[in-house]
Amino acid sequence: MRWTLPNILTVMRLIAAPGVAIMFLYFHRPWADWFALTLFIVAAVTDWFDGYIARRWQQESKFGAMLDPIADKAMVVIALVIITGYSGMNPWLILPVTLILFREVFVSGLREFLAEKAGLLKVTKLAKWKTTAQMVAIAVLFLGTGLEHLEGIARRGMTTDQYASLVTQGLADPLRSCGARGCSSVATLVGLCLIWVAAALTLVTGWDYFRKSLPFLKDDKP
C-alpha cells in the first residue's frame with residue numbers, strides 16, 4: 001500500500017467514524033453534538049477530496065478503492081445509530097434508518113458472495129448521490145439534536161453549564177431528547193425529510209445492484 005494523500009484522507013475518515021461516538025463519551029451535550037457535527041462534516045468533505053485528488057494526481061489504488069466505501073458506510077452507520085438513540089427513538093426516524101441499514105448490509109453481503117465478480121457492480125452516479133444525501137441528512141440531524149437538547153434544558157429553567165454541573169454531580173440524568181411535544185427544531189424536521197429522501201435513493205440503488213447481480217445468482221444446470 002502506498003501512503004498517498006488520498007489514502008491518508010480515507011484512513012482518517014475511517015478513524016473519524018467511531019470518533020463521532022466518542023464525542024458523546026467525553027463531552028457534555030450540546031458540546032458533544034457540535035463536536036460530532038464538526039467531525040462528521042470534516043470527514044464527509046474528505047470523501048470528495050480524496051477521490052478528486054486521486055483522479056487528478058493519478059494516485060488511484062486498490063487499497064483506496066477497497067477502503068473508501070467501508071469508511072463511508074462506517075460513518076453513516078455509526079452516526080445514524082447515535083442520532084436514533086439521542087432523538088428519543090423517533091419512529092419517523094427509525095423507519096428510514098432501518099431501510100438504510102438493511103440496504104447497506106444486504107449489498108455488502110451481496111458483494112461478499114459474488115467475490116471476484118463483485119467488481120461488475122460498479123458504483124453508479126445515483127449511488128454517489130445516495131451517499132451525499134445520507135451525509136447531508138445526518139449533518140442536519142446532528143444540528144437538530146443539539147438544538148433540541150438546548151431547548152430541553154431551557155424548559156427546565158437552567159443554562160447549559162448549570163445542567164452539565166448537575167449531570168456531573170449525579171443530580172440529573174443526561175437528556176436523550178427534549179421530552180415534550182412540539183420541541184422538534186426546524187433542523188430536525190428538515191433532517192427527517194432529507195433522511196427519507198436518502199432512504200428512497202438507498203432502496204433504489206440497492207435494487208439496482210440486486211438486479212445486476214441476478215445473472216450470477218442462478219444455479220448451474222446439471
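The values are calculated or read from the model by the stated rules, or taken from the named source; none is laboratory data. Source: prediction; values computed, not measured. Cβ sites come from the backbone with ideal geometry, for glycine too, and all protein chains shown count toward neighbours. With ligands, DNA and RNA removed, areas are computed over all heavy atoms of the protein, side chains included. Shrake-Rupley method; radii C 1.70, N 1.55, O 1.52, S 1.80 Å.
If you take the residues in region 14-44 that are more than 19 Å from residue 141 (Cβ to Cβ) and in contact (Cβ under 8 Å) with a residue 40 or more places away in the chain, which one is surrounded by the most Cβ atoms within 10 Å (Cβ to Cβ)? Show your work before the answer.
The first filter runs over region 14-44 and keeps only residues more than 19 Å from residue 141 (Cβ to Cβ), leaving 14-15, 25-26, 28.
Now drop any that are not in contact (Cβ under 8 Å) with a residue 40 or more places away in the chain, which leaves 14, 28.
On the way: 14: 19, 28: 17.
Filtering region 14-44 for residues that are more than 19 Å from residue 141 (Cβ to Cβ) and in contact (Cβ under 8 Å) with a residue 40 or more places away in the chain, the one surrounded by the most Cβ atoms within 10 Å (Cβ to Cβ) comes out as 14.
Determine which member of the set 199, 172, 180, 187 is small (Gly, Ala, Ser) and at pLDDT 90 or above. Give the steps one after another, and end with the answer.
Working: 172 fails: at pLDDT 90 or above; 180 fails: at pLDDT 90 or above; 187 fails: at pLDDT 90 or above.
Going through 199, 172, 180, 187 in turn, the sole match is 199.
Applying the selection to region 115-135, what residues are modelled with pLDDT of 75 or more and either surrounded by 11 or more Cβ atoms within 10 Å (Cβ to Cβ) or on the phi > 0 side of the Ramachandran plot (or both)?
First pass over region 115-135, keeping only residues modelled with pLDDT of 75 or more: 125-135.
Within region 115-135, 126, 127, 128, 129, 130, 131, 132, 133, 134, 135 meet the criteria.
If residue 96 satisfies every condition in (1) open to solvent by less than 40 Å² (accessible area, probe 1.4 Å); (2) over 21 Å from residue 194 (Cβ atoms) but one, which is the exception?
The number of the failed condition is (2).
Name the single residue, out of those in region 6-17 being in contact with a helix residue (DSSP H, G or I) (Cβ under 6 Å, 6 or more places away or on another chain) and not charged (D, E, K, R), that is modelled with the lowest pLDDT. It would help to see each step written out before you state the result.
Start the filter on region 6-17 by keeping residues that are in contact with a helix residue (DSSP H, G or I) (Cβ under 6 Å, 6 or more places away or on another chain), which leaves 6-7, 9-10, 13-14, 16-17.
Checking which are not charged (D, E, K, R) leaves us with 6-7, 9-10, 14, 16-17.
Details: 6: 75, 7: 79, 9: 83, 10: 84, 14: 90, 16: 90, 17: 90.
Among those residues, the one meeting the criterion is 6.
Taking the residues in region 1-56 that are assigned to a helix (DSSP H, G or I) and polar (S, T, N, Q) as candidates, determine which candidate is farthest from the chain's Cα centre (by Cα). Even if it seems obvious, please write down each step before you answer.
Step one: list which residues in region 1-56 are assigned to a helix (DSSP H, G or I), which gives 5-26, 31-56.
Narrowing the set further to residues that are polar (S, T, N, Q) leaves 7, 10, 38, 46.
Working: 7: 20, 10: 15, 38: 13, 46: 14 Å.
Going through the qualifying residues, I end up with 7.
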